[in-house]
Each structure stands twice: as C-alpha cells, then as structure tokens.
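Data first, discussion second: the structure below is written as structure tokens.
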Amino acid sequence: MVTLRWPRPRSAERVSMSHHTVVTWEKGLVRAAVARLSEGSAELLGIASAPVQGVGPANRPDPDRWFAGCERALTQAEDMTQRWAGRKVVPDHVTMTIPTTVTRGLTVTDEVQRPNPRKPITQDELVALLRRGYRKAQDRLDVRARGSKEDIVCGALAFLSLDGRPVTSPEGLVGEHLRISQFLCLAPTEWIRSLEVIAERLGLEIVTIVPHHMAYAAAIADTVALLVVVDDRMTVMDLVRQGRVEWAAAVPQGSEELIHEAVAQLSIPERQIEALLRAYRAGELREDIESLMSKCYWAALRRWMSALADQVRRNGHESFMPYQIYAYDVAGIAPEIAPALETPYWEQRLPFGRCPKVDRLDANGGRNVLDCTAQAGGEAHLLLRSLACYVARLYAPGNELDRALVDTIHWRHSS
C-alpha cells in the first residue's frame with residue numbers, strides 16, 4: 001500500500017514544486033517515476049513499471065485494474081528514491097499521459113489592439129489574453145454544454161508576436177498589436193474521470209494530462225521543427241517550437257498498415273511477417289520477391305505521406321514548413337519511415353524550401369533530464385523521460401505563462 005499524499009489546492013502557479021510524480025500509460029503497461037525538479041531540470045530518483053491491459057482507443061478505461069498496476073509501479077518507484085534522496089520521497093502532485101489516439105487538438109489564435117501602446121506589457125495582460133483564448137476555444141468546442149463527452153485537458157503556448165514580430169516573451173515591451181497562439185488538446189470525459197479516480201485513490205493531485213505526442217515534443221530543443229510520431233494505427237505530425245506544439249495534423253494510418261500493405265501481395269501468414277521483414281532488410285529474399293515487396297512498400301509509403309500532407313493542407317497549416325524533422329516509430333516495426341521523409345517525393349508534398357533533414361528522437365528522452373537510477377535508458381523509456389522533460393520546463397523559473405495556462409485549463413468531473 002502506498003503512503004497517502006494529501007492533495008493541495010490545485011494551482012500550478014502557486015505551488016512551489018520540488019518533487020513531482022510522472023505516470024505514462026502505454027500499450028500493455030504503466031510506468032511511474034519520481035522526479036526532483038530544480039532550475040528547469042529533472043532528476044529521476046525512482047522508476048518502475050507494471051503491466052496493464054486495454055490502454056488504447058479500442059477499449060474503455062478500467063480504473064480498478066489500472067489503479068492496481070499504477071499503485072504497484074508507483075510504490076516501487078517511491079521505494080527506490082530512498083537510495084538517491086536519502087529518504088523516501090512521496091510527492092503530492094502527478095502529471096499523466098494519455099494516448100494520442102483518444103485525443104484531438106485545436107489551435108486557437110487570439111489578438112488584441114492595446115489601448116495604450118506606449119505602456120509596457122505586463123504579465124497580467126498576457127495571462128488575460130491567454131485565458132480569453134481558452135474561453136474562445138471552450139465556446140467553439142461547446143465543451144461546457146451539459147452532457148459533453150470531452151473536455152480540454154492540456155495546452156501549449158506556442159507562439160507570441162508583437163506588432164507582427166515574433167517574441168519569446170513580450171513582457172516589459174511596448175507595442176500596439178499583441179497576438180497569441182495556443183494549441184489545446186481534448187480527451188473523452190470517461191478517460192479524464194478514470195485518471196482522476198486513479199489519482200484520488202493514490203492520494204495524488206493531477207496537475208495536467210498530456211497526450212503522448214505533446215510529451216515527445218517537449219524533448220525537442222530546436223527553435224522550430226516538425227515531429228512525426230507513427231503509432232501502430234495512427235500518425236501525428238506536430239509543428240514544434242522549443243518543445244511546445246503549435247499545431248498538429250493526424251491521419252488514421254500507422255506502421256501496422258504500412259507493413260501489411262507492403263506484404264499484401266505475398267499471401268504470407270501473419271505469424272511469418274516478422275521473419276519476412278528481417279530477411280527483406282538483410283537482403284536475403286529472392287530477387288523477384290524483394291522487387292515486388294519493395295514496390296508495394298514504396299507505394300504504401302507514398303500513400304501515407306500524401307495523406308499526411310493532405311491533412312496538413314486541409315487544416316491550413318502549410319504556410320511554413322521547417323526542413324528539420326524528428327521521426328519516431330513507436331512500435332519500431334517500420335524503420336523505412338525516416339528515409340521516406342527525406343525523399344524528393346515528400347519534399348514536393350509540402351513547401352519545405354529544401355530537402356528535409358530527418359533525425360530520430362533522442363533515445364535518452366529529452367534534455368535536462370538526469371537519470372539517477374541508470375534504469376531509464378533507451379527507447380523503452382523515451383515517453384517517460386520526455387514527460388519528465390515537460391514537467392521540468394513547466395516549473396522552470398520564468399515560465400509563468402505556461403503555468404498560468406495549466407492553471408487556467410480545468411476539466412469537468414464527469415461522475
């Protein structure tokens with residue numbers, strides 16, 4: 001049984017956060033970590049995982065079974081902190097992930113003509129504009145209506161401009177026209193309430209619920225880049241500015257569909273596909289079979305890239321495309337994805353201006369994350385470390401606007 005943590009008032013702005021729990025709900029398991037936060041960095045003092053079933057769009061949340069797995073992982077992670085902190089660390093607050101496949105996103109832009117352009121911009125003025133954009137999104141999505149089946153759970157303050165010029169922070173500057181862009185994510189109330197129930201049973205207070213793709217984005221330090229996350233049944237492409245998502249485009253096609261299209265004409269049993277792929281990548285197939293498979297695979301990759309580009313254009317996001325791309329195949333079954341995104345075919349689908357450069361997400365899972373346990377390395381822990389990076393940035397000094405956005409977003413108790 002875990003030690004009870006009595007929740008404090010929910011305000012990311014007011015809480016002085018020194019330790020934080022992070023929990024990632026992944027396919028077949030839940031991971032938990034206890035992190036010590038300091039000056040924009042996170043030290044992982046304890047980590048653990050436990051099996052859970054049904055985390056995904058095909059199943060309804062199961063709070064009872066998920067709680068049992070989460071409690072087991074969290075207890076082990078907290079017990080591990082004794083070695084690295086000199087005492088057992090039991091934080092009061094938690095940030096959790098939610099699968100991208102059960103969420104959807106919306107970009108909201110708001111602007112204001114300042115009545116006194118010579119007066120320096122204050123933080124209160126920026127927070128007021130931020131909250132106005134959030135209320136605008138609530139009205140557009142009608143999430144406050146009785147019986148609404150989804151609500152906004154997470155957001156990112158991605159872009160600020162003053163008199164048409166992008167600025168990192170306009171506080172203290174003067175100008176006439178202030179513009180702010182936010183990316184907001186919605187999740188089903190059934191999922192929200194299930195995660196709340198689990199947190200309540202653990203004695204934890206949820207600060208925010210972060211979709212997987214937004215957690216991965218937190219690990220990207222580039223001024224601007226594209227992130228392509230390919231799950232087994234879904235692909236999401238984000239425009240990321242210094243770890244924050246500005247917009248996202250998604251298509252219901254993932255690595256599983258690509259692989260099945262690649263082998264569709266070979267009439268091979270499902271159980272033999274993995275062996276066939278190993279032989280294909282090792283150059284061990286008969287020439288005619290290799291040629292046929294290459295042709296089908298490339299056709300499937302072209303259809304996938306075209307669908308993704310069409311979705312970007314459909315949402316009006318194609319005006320600016322950075323050439324730097326980070327690609328991540330979550331299931332790890334389609335390594336051909338990254339090379340495909342460096343081909344002239346993909347370059348011609350969107351206005352990149354030059355041939356895209358594709359890198360993998362760092363297997364160490366994010367900057368400013370120190371793994372004291374030496375057990376959170378490799379791609380298996382990429383999501384967990386990326387989420388720790390997200391939390392470290394959220395509570396970094398001078399990051400008042402991000403914390404104000406988290407404090408502004410509140411979800412309805414659906415019970």
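Is segment 225-360 best put as rounded, prolate or oblate by its Cα gyration tensor, with a ≥ b ≥ c the root eigenvalues, rounded for a/c under 1.5, and otherwise prolate when a/b is larger than b/c, oblate when not?
Judged from the Cα gyration tensor, segment 225-360 comes out prolate (a/c at least 1.5, a/b above b/c).
If I stretch the segment between R87 and K149 completely, what's the gain in nm (0.36 nm per residue apart, minus their alpha carbon distance), one decimal?
Here the segment from R87 to K149 would lengthen by 18.1 nm.
Pick from A340, A396, A145: which is most flexible by mean-square fluctuation in a GNM of the chain where alpha carbon atoms under 10 Å apart are linked?
In the Gaussian network model the winner is A145.
Rounded, prolate or oblate: which fits segment 28-113 when a ≥ b ≥ c are the square roots of the eigenvalues of the alpha-carbon gyration tensor, with rounded for a/c under 1.5 and prolate only if a/b beats b/c?
oblate
Of the beta bridges DSSP finds with both residues in the chain, what % are antiparallel, to the nearest 5?
70
With a Förster radius of 30 Å, plug the Cβ-Cβ distance of A275 and E342 into 1/(1 + (r/R0)^6) and report the FRET value to the nearest 0.05.
0.60
Out of C355, C70, C389, any idea which swings most in a Gaussian network model of the chain, alpha carbons joined below 10 Å?
Taking springs between Cα atoms under 10 Å, the residue moving most is C355.
For the chain, set up a GNM with springs between Cα atoms under 10 Å and report which of L29, L384, L292 has the largest fluctuation.
Result: L292 has the largest fluctuation of those listed.
Give the separation of the Cα centroids, segment 146-175 to segment 178-231, in Å.
Here the two parts' Cα centres lie 16 Å apart.
Ignoring the sites themselves, what is the longest stretch of the chain with no GluC sites (Glu not before Pro) in a DSSP loop and at most 10 other beta-carbon atoms within 10 Å?
40-283
Between rounded, prolate and oblate, where does segment 51-164 land on the alpha carbon gyration tensor, with a ≥ b ≥ c its root eigenvalues, rounded for a/c under 1.5, else prolate if a/b exceeds b/c?
Cα axes put segment 51-164 in the oblate bin.
What distance in nm separates the simple spin-label points at E284 and D222, each placed 7 Å from Cα in the Cβ direction?
Distance between the two pseudo-spin positions: 3.6 nm.
Could you check the simple spin-label distance between A307 and E176, using points 7 Å along Cα→Cβ, in nm with one decimal?
4.7
What relative contact order, as a whole-number percentage, does the chain give when Cα pairs under 8 Å and 6 or more residues apart are counted?
Relative contact order of the chain: 20 percent.
About the Cα centre of the chain, how large is the charge dipole given +1 on each Lys and Arg Cβ and -1 on each Asp and Glu Cβ? Please answer in debye to the nearest 20.
Roughly 920 debye, rounded to the nearest 20.
Dipole of segment 225-360 (Lys/Arg Cβ +1, Asp/Glu Cβ -1, origin at the Cα centre): which of L350, S319, V245 lies farthest to the positive side?
Result: S319.
Ignoring the sites themselves, what is the longest stretch of the chain with no trypsin sites (Lys or Arg not before Pro) in a DSSP loop and at most 12 other beta-carbon atoms within 10 Å?
Longest run free of exposed loop sites: 150-285.
Just to be sure I understand the model, the point goes 7 Å from the Cα along the line to the Cβ. What's the resulting D142 to L266 distance in nm?
Simple spin-label model gives 4.9 nm for this pair.
Pick out the long, greasy-scoring helices in the chain: whole DSSP H runs spanning 20 Å or more along their own axis by Cα, mean Kyte-Doolittle at least -0.5.
287-314
Every number here is computed from the coordinates shown, using simple stated rules; none is lab data. Nothing here was measured: the structure is a model prediction, and the numbers come from that model. When we count neighbours, we look across all protein chains shown, and the Cβ atoms used for this are built from the backbone with ideal geometry, even at glycine.
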